[in-house]
Amino acid sequence: MFRPGAQRLRGLQLRSFPLRGSPGRPRSVCAREGEENAPLSAETRWKDRAETVIIGGGCVGVSLAYHLAKAGMKDVVLLEKSELTAGSTWHAAGLTTYFHPGINLKKIHYDSIKLYEKLEEETGQVVGFHQPGSIRIATTPVRVDEFKYQMTRTGWHATEQYIIGPEKIQEMFPLLNMNKILAGLYNPGDGHIDPYSLTMALAAGARKYGALLKYPAPVTSLKPRSDGTWDVETPQGSMRANRIVNAAGFWAREVGQMIGLEHPLIPVQHQYVVTSTIPEVKALKRELPVLRDLEGSYYLRQERDGLLFGPYESQEKMKLQDSWVTSGVPPGFGKELFESDLDRIMEHVEAAMEMVPVLKKADIINIVNGPITYSPDILPMVGPHQGVRNYWVAIGFGYGIIHAGGVGKYLSDWILHGEPPFDLIELDPNRYGKWTTTQYTEAKARESYGFNNIVGYPKEERFAGRPTQRISGLYKTLKSKCSMGFHAGWEQPHWFYKPDQDPGYRPSFRRTNWFEPVGSEYKQVMQKVGVIDLSPFGKFTVKGQDSVRLLDHLFANVIPQVGCTNISHMLTPKGRVYAELTVSHQSPGEFLLITGSGSELHDLRWIEEEAVTGGYNVEIKNMTDVLGVLGVAGPHARKVLQKLTSEDLSDGAFKFLQTKAFKVANIPVTAIRISYTGELGWELYHRREDSAALYDIIMNAGQEEGIDNFGTYAMNALRLEKAFRAWGSEPADFIGKQALKQIKAKGLKRRLVCLTLATDDVDPEGNESIWYDGKVSVEDPTARAAAAGPRHKLSSLFPFTVGC
């Protein structure tokens, strides 16, 4: 029986964690490998001015200080409330992996590991980095499908990844029970690192390059100044900073609250178990690879001559530290843990014993139960925050050790060069908004933790915390007719089902229950007329005496004439695409800007920053929650809408990419003749409270034409199939113009092409590797994300950038 050893700690609500020990084989959480390097003492000096103040001395904050100082920034200051690694860093299990199910975070993981490989040599500090590789275990056929899906997306990345069979798995991890194992996903170079020693090495490097690390120095007040700088108050004194970076871990909410922000974060209790020496482990000739049993929902790795394993229990059993959200983190909490709760994770312990039978006779020497911070979607929040000048965040790290090195480099490059080095919009802190309530955060964090190891399907939907307050005026009308998708807090129809069709959520790596209904919607728009709810679009108005000058500066396109619309791109100084928006000139000097739902505050922040920095006299309003949008598209769209308005909708009177304000059956709308389907169509912008009435009127008017609904799945199929492109000339000195001239002079190295694949069951989902003549068709896979710029913008094939 798996039995607790004599050193198990009991009965304490909070207990200190032992840090002393000697180095040796794979590191122990009870013995930090870098401990023989005396901890670097805090600085005694103080600065009154700083270029960048970083709040928080965990591995992420210290990594940013290291990268900024190494890149040459002067006056980098890190303020830590107690001591370095306090919070979540010091007790972390320290796993490192090249793997990530997404495409962009692989680059962060890659940069972290490459830094950790050389950090000891650079700083002279032992970091305890072990790279035995890792294996994800598939014990079901659907897991094998998931591995195959992931392999299609890995070819253009620099890191190695392989599917391996049971024989190879047993060779690499001979202690496994192989009865259920079908395959493994193997990543060479994965492993684990000592978080304490890693942070101390980064701190040594930061100091070496000139950064000031000050602790204990709790921040007590943050005061923004009119010139964009900050006054940072501590018990040691005040400091003027050009920018601040909140990297405060589970204290990040409290730091945000100092300036009126409610960051959607919540601490989660995570446990892992450490065993004493196991003879079979001690007898091994080489270190075991890190094991991830996905069905058992735990990780397991060698810990000296024993094993360490950490489960992710279900959302029903996991424990949130929600009292910290309502009442704050207890004063003085730093290097403490919670009381262990083995019963909560017992089903995972039993799964681990079945998979690795030597655990059955192992003694427990420690159970670590510490706080880690979760955002609603489990991904961190990284970058500048909308609505507050020069306030940056690096918070919400559920996996801070593997993210720390890469995020430090990413943020450092962004701060120093004025633009992100590659697309990481999935980490944008502005993906959340006022709709992200505490109740939503708690529900999603619980779900995200419990879903840590579920199958990662394409087009995945998660349902906790839904719907939010962000429902369109059509939600009640449509919710029983369609499968809704979640877009920046909004519910939006993905596809519609008929009474005889399966309405359930049926994710799959193959064609599933939505395939035929989406095909019908596609034909509906191509042959008749369809209606789609586009209310989640981000919508801004810009007006004022400098509005034309501001937009001329922002967009790499001509400003449309009054009554006209175009598609325009905001570029970074290096000529990369930062955002793509629809720009409509409503009346002289008044514009309506439209962007994708996931880019709302991401794009608004950029616009506001340029307006303030350039001193433009404009008024910018976010109208996203005020306006609803209906799209009407198809060959009969004009015929249906003409029944409802006296406005002449003929091709001669209402040309493509024109915009006009009129009434549809007495409901005021702003209509733009445009459609992402590529078919004849209009987008109708109106008051959100009018959506249901407007929808009913249009649907009733279109009965003779066979009108019906369509969703975003069909819209994307239609959009991609058109693949039109046209680019306008631009006389103004817009952002990135000089960089574009240089790119053009050197010659383009890549171009966008459309491929048609013959398949009868498995369809491409995007970002698959393209093989040609036995090779992946990307010369430099490590540079792909950086060269492409924001993926979701560049992949938009909507063609009409010139306007009327």
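A few notes on this one:
- Site pair E619 and T477 shows an inter-label distance of 3.1 nm when each label is modelled 7 Å from Cα along Cα→Cβ.
- Taking the Kirkwood radius as Rh and the Cα radius of gyration as Rg, region 586-631 has a ratio of Rg/Rh equal to 0.98.
- If the Kirkwood radius is taken over C-alpha pairs of region 271-341, then at 37 °C and 0.692 mPa s the Stokes-Einstein diffusion coefficient equals 221 µm²/s.
- In terms of its C-alpha gyration tensor, region 558-684 comes out prolate, because a/c is 1.5 or above and the ratio a/b outweighs b/c.
- Amide H contacts under 5 Å for V629, placed H, 5+ residues apart: L534, S535
- Subtracting the Cα-Cα distance of R240 and E339 from their residue separation scaled by 0.36 nm leaves 31.5 nm.
- Cut-off 13 Å (backbone N to label point 7 Å along Cα→Cβ of A653), residues of region 578-617: none
- Taking amide hydrogens as placed 1.01 Å from N in the peptide plane, the amide H of V664 sits under 5 Å from those of V669, each at least 5 positions away in sequence or on another chain.
- Rounded to the nearest Hz, the phi-derived 3J(HN,Hα) couplings of region 694-701 under the Karplus curve 6.51 cos²θ - 1.76 cosθ + 1.60 (θ = phi - 60°) are 5, 4, 4, 5, 5, 5, 5, 5, where x marks glycine and proline.
- Built amide H within the under 5 Å cut-off of D363, gap 5+: S276
- Here the Karplus curve 6.51 cos²θ - 1.76 cosθ + 1.60, taken at θ = phi - 60°, turns the phi angles of region 574-587 into couplings of 8, x, 8, 6, 8, 7, 10, 9, 8, 10, 10, 8, 6, 8 Hz, with x standing for Gly and Pro.
- K361 contributes about 120 Å² of solvent-accessible surface, heavy atoms of the protein only, 1.4 Å probe.
- Computed from point charges on the beta carbon alone (+1 for Lys and Arg, -1 for Asp and Glu), the dipole magnitude for region 623-759 about its Cα centre is near 1080 Debye.
- Across T541, T677, T613, the residue with the most accessible area heads the list, and the full order at a 1.4 Å probe is T613, T541, T677.
- Violating pairs (Cα-Cα greater than 24 angstrom) within the set K539/K663; K223/K409; K114/K148; K523/K722: K223/K409; K114/K148
- For L182 and R462, the FRET efficiency from 1/(1 + (r/R0)^6), where r spans their Cβ atoms and R0 equals 25 Å, is about 0.45.
- Options H686, N716, H130, ranked by Cα towards positive dipole end of the chain, top entry (Cβ charges): H130
- Which listed pairs, of K481/K643; K47/K319; K47/K543; K106/K208; K107/K741; K285/K317, have C-alpha distances above 32 Å, in listed order: K47/K319; K47/K543; K285/K317
- A simple packing score, the average count of other Cβ atoms within 10 Å per residue, orders the peptides 618-627, 351-360, 237-246, 103-112 as 103-112, 237-246, 351-360, 618-627, with the highest score first.
- 3J(HN,Hα) from dihedral phi, region 259-271, Karplus parametrisation 6.51/-1.76/1.60, rounded to Hz, x for glycine, proline: 10, x, 9, 10, 5, x, 9, 8, x, 10, 7, 10, 10
- Over region 230-358, the alpha carbon radius of gyration divided by the compact-protein estimate 2.2 N^0.38 Å works out to 1.46.
- Gyration tensor (alpha-carbon) shape descriptor, region 121-183, a/c threshold 1.5: oblate
- Computed on region 67-218, with alpha-carbon pairs under 8 angstrom and 6+ residues apart, the relative contact order is 45 percent.
- In a reduced charge model with +1 at each Lys and Arg Cβ and -1 at each Asp and Glu Cβ, region 557-623 shows a dipole moment near 180 debye about its Cα centre.
- Across all Cα atoms of the chain, the radius of gyration (one decimal) and Dmax (whole number) stand at 27.7, 87 Å.
- Loop-resident sites, region 649-707, for GluC sites (Glu not before Pro), counting at most 10 other Cβ within 10 Å (DSSP): E704
- Fraction of alpha-carbon pairs over 19 Å apart in region 473-552 - percent: 53
- Beta bridges assigned by DSSP with both partners in the chain are antiparallel in approximately 80 percent of cases.
- Gain upon complete extension [S587, V626; 0.36 nm per residue less C-alpha separation]: 12.1 nm
- Above 27 Å, the calculated P(r) of region 374-505 contains 32 percent of its Cα-Cα pairs.
- For E233 and E610, the FRET efficiency from 1/(1 + (r/R0)^6), where r spans their Cβ atoms and R0 equals 22 Å, is about 0.15.
- Spread over its residues, the convex hull of the C-alpha atoms of region 653-695 is 82 Å³ per residue.
- Nitroxide proxy distance, nm - points 7 Å out along Cα→Cβ at D773 and K639: 5.2
- Between E689 and Y162, the distance separating the two model label sites (each 7 Å from Cα on the Cα→Cβ line) works out to 6.5 nm.
- Only Lys, Arg (+1) and Asp, Glu (-1) charged, at Cβ; the chain dipole about Cα centre in debye: 880
- Loop-located trypsin sites (Lys or Arg not before Pro) across region 489-553 with a Cβ neighbour count of 15 or fewer within 10 Å are R510, R511, with loop assigned by DSSP.
The values are calculated or read from the model by the stated rules, or taken from the named source; none is laboratory data. Small disclaimer: the values here were computed from a predicted structure and weren't measured. Positions of Cβ are backbone-derived with ideal geometry, glycine not excepted, and every protein chain shown enters the neighbour counts. Accessible surface areas use protein heavy atoms only, side chains included; no ligands, DNA or RNA. Shrake-Rupley method; radii C 1.70, N 1.55, O 1.52, S 1.80 Å.
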